[in-house]
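Reviewing the structure listed below.
The values are calculated or read from the model by the stated rules, or taken from the named source; none is laboratory data. All values derive from a computational prediction rather than experimental measurement. Neighbour counts run over all protein chains shown; Cβ positions are idealised from the backbone, glycine included. Protein only, heavy atoms only, side chains kept; ligands, DNA and RNA dropped before computing areas. Shrake-Rupley method; radii C 1.70, N 1.55, O 1.52, S 1.80 Å.
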Amino acid sequence: MQLSFRVSLPKHLTADRVSAACRAAELVLATQVMKDTARYVPARTKSLINRTHIVNGNTIVYPGPYARYLHEGKVMVDEFGR
């Protein structure tokens, strides 16, 4: 999901400072979302949750192919998902 908006800044705030603050806020939010959703990640061996990470400060990555198989409801039989 992507949002787009326009902001008018006071003179003492520069676009660079606001942009840096937004990046920091995105990282804090992504970290909290990862913590809040950890209990919903399948965790028989905790392999998936231990390899989950944040990329670019705002994207949570659940590494595949294991996560893909769980998401799509497939059984892991071979590398082609058959």
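List of remarks:
- For the range 52-64, the count of residues that are open to solvent by less than 50 Å² (accessible area, probe 1.4 Å), over 10 Å from the mean Cα position of the chain (by Cα), of a type outside the set (Gly, Ala, Ser) and modelled with pLDDT of 75 or more is nonzero.
- Residue, most open to solvent (accessible area, probe 1.4 Å), within the range 1-32, restricted to residues that are in a loop (DSSP other than H, G, I, E, B) and under 28 Å from Val61 (Cβ atoms): Met1
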